[in-house]
Structure formats: structure tokens, C-alpha cells
1. Do you know which residues across segment 56-96 are under 20 Å from residue 123 (Cβ atoms) and away from the ligand (no atom under 16 Å from the Cβ)?
2. State yes or no: is residue 29 in contact with a strand residue (DSSP E or B) (Cβ under 7 Å, 6 or more places away or on another chain) and surrounded by fewer than 16 Cβ atoms within 10 Å (Cβ to Cβ)?
3. In contact with a strand residue (DSSP E or B) (Cβ under 8 Å, 6 or more places away or on another chain) and within 24 Å of residue 116 (Cβ to Cβ): is that true of residue 70 in this structure?
4. Name the pairs whose Cβ atoms lie under 6 Å apart, with the first residue in segment 103-115 and under 16 Å from residue 36 (Cα atoms), the second in a helix (DSSP H, G or I) and more than 6 Å from the ligand (Cβ to nearest atom), and 6 or more positions between them or separate chains?
5. Before we move on, is residue 118 surrounded by fewer than 16 Cβ atoms within 10 Å (Cβ to Cβ), more than 16 Å from residue 36 (Cα to Cα) and more than 13 Å from the ligand (Cβ to nearest atom)?
6. Of all residues in segment 74-113, count the ones that are surrounded by fewer than 17 Cβ atoms within 10 Å (Cβ to Cβ) and out of contact with any helix residue (DSSP H, G or I) (no Cβ under 7 Å at 6 or more places or on another chain).
Ligand code: SF4
């Protein structure tokens, strides 16, 4: 008889900019200045849907997170999130020197952008509005 080593499952990656139809987490509010005010501790997406006004797309008012759908998303390159990469490339110079400079968000341990791009993704993240119509 052999002792099987049970390895932990890899964490499910979360998309930090997902439409309401896929959302499970209320990540933050969009401020009048167009920045994200992150919500911590973690709150369910239902709370965001309840506080959003009905005369504009919810994705223009709040940021929502949900399970990364990989190949079912147009940004998926086959290996990583192309949107997270593009954003991180644009904000490399804005990356602060310390972990303490990162925004306090509720999904960092599972965030797809952070896992693939590191702190540059977080530097870009607060500027992202999912729906800009
Ligand atoms: S702040 Fe960083 S870890 Fe948090 S959702 Fe944005 S990219 Fe992901």
C-alpha cells in the first residue's frame, strides 16, 4: 500500500472586472472621480446590485468580481488574462515600492490579475471601470 500525497487544489482564480451576470463579490464602488473605492471585508455581489441605481449599467457604478471563465472570455489569450497584462504594462511606473502601497481589496489571494502580473496590476486596478458606455 502506498501513501498518496494529497496536494491542495489550486485556488480558483477570480476576475476582478466581471459583468454582473457572473459576479459573486462586490469589489468596490466607482467614485465620482472614476476611481475604485474598494470594499473590505468581502461582501457578496448582491449587495452591490442592491445599492446601484437603476438608470445606468451596474458595471458603470460598481466593480464586481467573479470566477475567471478563461477561454469563455474574449481577453483570455490561452495562457493568461490579456486585459490584466495590458493594464499592468501601462502602469509599471506607478508601482509603489512596498506591499503596504497596494490597495486594500478583498480578493488579492485569488485575483487573476495579481497572480499573473503582480503589483503592477493593482496599480492599474483602481482606474478600471468595467462598463464605460
Ligand atoms: S487591487 Fe490587485 S489584487 Fe485587488 S482586485 Fe485589483 S488587481 Fe486584483
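Readers should treat all values here as calculations from the given coordinates under stated rules, not as data from a laboratory. For clarity, every value in this text was computed on a predicted model and none was experimentally measured. Reconstructed Cβ throughout: ideal geometry from the backbone, glycine too, with neighbour counts over all protein chains shown.
1. 93, the sole residue that qualifies.
2. Working: in contact with a strand residue (DSSP E or B) (Cβ under 7 Å, 6 or more places away or on another chain): yes; surrounded by fewer than 16 Cβ atoms within 10 Å (Cβ to Cβ): no.
The answer is no for residue 29.
3. yes
4. 113/84
5. On the way: surrounded by fewer than 16 Cβ atoms within 10 Å (Cβ to Cβ): yes; more than 16 Å from residue 36 (Cα to Cα): yes; more than 13 Å from the ligand (Cβ to nearest atom): no.
Against the criterion (surrounded by fewer than 16 Cβ atoms within 10 Å (Cβ to Cβ), more than 16 Å from residue 36 (Cα to Cα) and more than 13 Å from the ligand (Cβ to nearest atom)), residue 118 does not qualify.
6. 16
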